[in-house]
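Novice: Below you'll find the structure I mean.
The values are calculated or read from the model by the stated rules, or taken from the named source; none is laboratory data. On a predicted model such as this, the values are computed, not experimentally measured, just so you know. To get the accessible areas, we keep the full protein, side chains included, count just its heavy atoms, and leave off ligands, DNA and RNA. Shrake-Rupley method; radii C 1.70, N 1.55, O 1.52, S 1.80 Å.
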Amino acid sequence: MDLCGDLTHDEAAGASFELTDRARARAAAAQKQHGAWRLWSVYAFTMMDLLSHNVIMLLAWFTTAYVIPVYLAIHLVSWPWQAVRAPLLWLPECSSLRGDPCSVASVVSVLLRLAVLIFWFCAVSFPVESLRRSICFHFDDPGYYSGAECQNLPAWLRTPWWSDNATCVARASRYERCFDEVPWYLQGQCNSRAGGCARTARFFVFSDAAGFLSICVRCSSLLALALVLLEWGFYCLCACCPGTSYEPLPDHSLEAVPRPDPGLWPRLMLVKLIGLFMLDVVSDVNGIVQFVLTGNFKFAAISSLVFIYSAGQQIASGGIQKFLRALGPSLAACQPTDELQALMLSEMTVEAPLQFMLQFYTFTYVLSSDWATYSFVFSLLLSLLSVTDAAYQLIQLELIQVQALHLAEVESSRGGHTAITRVP
């Protein structure tokens, strides 16, 4: 079988490509209506918009993790049942490609992130004397200490946690005193400051590469939010101009279009799609392992539950057999079959967004390990790409109803279910 060649009779039997054909038709209609440059800018905006929601993690680091479910609950109001099965829908977009960028949902979403940013600045500058005293050892002596100095620290602050001679870089006495003296709604700073001891010290003293990456990750959501605010403000300003209107994509864009001749670009897109899917699954498993190795057992349990939940959905609809069965026709046609789309959508709309937010929040807890630091950065990038692809297709190109209805028909005929239900 030649890659991206013509389908043989056996390969074509039972293979459906309606979802991909309709997605291509929708993208072609969007490009004709808005222009190619606009589609690329919307894709970049979608990525920045999703990343900017992680400002809530910054607030959680400096206050308490209880702010996360409150933040998500506010976004959950618009998509109550669908968001439970597809967590990607927790975070609505606000792009002009979908309609008015200044809609009520978009305004609430942006204002909520602005409020989070303001609260974060207030939390950082909160005058608590216990937080003024460094939990870390001095920067001029960023060595690793062992023995009795590390015994009273939690497992994730000891390296390795299973050894009697584990080393540490945080002061156990000041770490414990921080929790005793700081109000409960600011105790997240005790963990965030203790977790960043190793990387912060090594970065400023030794120009540590992993320390530089850790700082970049922690600042990425702030930069993303700044870009989102600029572009969103530009869209709203343009929306007020006379003669400006945002029309939905025409109905005829839902019709299937002839499949283009196979070339380098379709091949690369298919390889990217399948490669991201497989690498994302592997990186999620690696994340669970790194949680255990760094002593973050609670996070390992949460990550495992997310992985099992997503895997359960995929197994219920065919799992690995479905993937292998759809791989041949997909490679032959140089585009994913409906079966492969259903499998990957389940991962991209369920596991990827949950693991992305979890790993971003827990990033400061694994900085004691070089491999965990580098692998988490790689995993965060993979998850961000997967979530952006799914959000761009389902939300920006308005394919959520088309995909949900068709996938429901495909899965019901096979006795399975999908991650996305019908949207009214």
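Novice: How far, in nm, would the chain grow between L324 and R177 when pulled straight, counting 0.36 nm per residue and subtracting the alpha carbon separation? Mind showing how you got there, number by number?
Specialist: Numbers: separation 147, 0.36 × 147 = 52.92 nm, distance 5.52 nm.
Difference between extended and current length: 47.4 nm.
Novice: Want the number for Q31 to A209: 0.36 nm per residue separation, take away the alpha-carbon distance, what's left?
Specialist: Stretched fully, the Q31-A209 segment lengthens by 60.0 nm.
Novice: Starting at the first residue of region 220-225, write each ³J(HN,Hα) from the Karplus equation 6.51 cos²θ - 1.76 cosθ + 1.60 with θ = phi - 60°, in whole Hz, x for Gly and Pro.
Specialist: Rounded to whole hertz, the list is 4, 5, 5, 5, 4, 5.
Novice: Check which residues have an amide H placed less than 5 Å from T167's amide H, if you skip close sequence neighbours.
Specialist: So T167 has HN proximity to T159.
Novice: Order L381, L72 by their accessible area, 1.4 angstrom probe, all chains in place, largest first.
Specialist: The ordering from most to least exposed comes out as L381, L72.
Novice: Further, regarding this structure: From the C-alpha gyration tensor of region 280-380, pull out the three semi-axes of the equivalent ellipsoid (sqrt of 5λ each), sorted largest to smallest, in whole Å.
Specialist: Largest first, region 280-380 gives 29, 14, 10 Å.
Novice: Sticking with this one: Residue by residue through region 324-341, which ³J(HN,Hα) values in whole Hz follow from phi under the Karplus form 6.51 cos²θ - 1.76 cosθ + 1.60 (θ = phi - 60°), with glycine and proline marked x?
Specialist: 5, 5, 8, 5, x, x, 5, 5, 5, 8, 6, 7, x, 6, 4, 4, 5, 4
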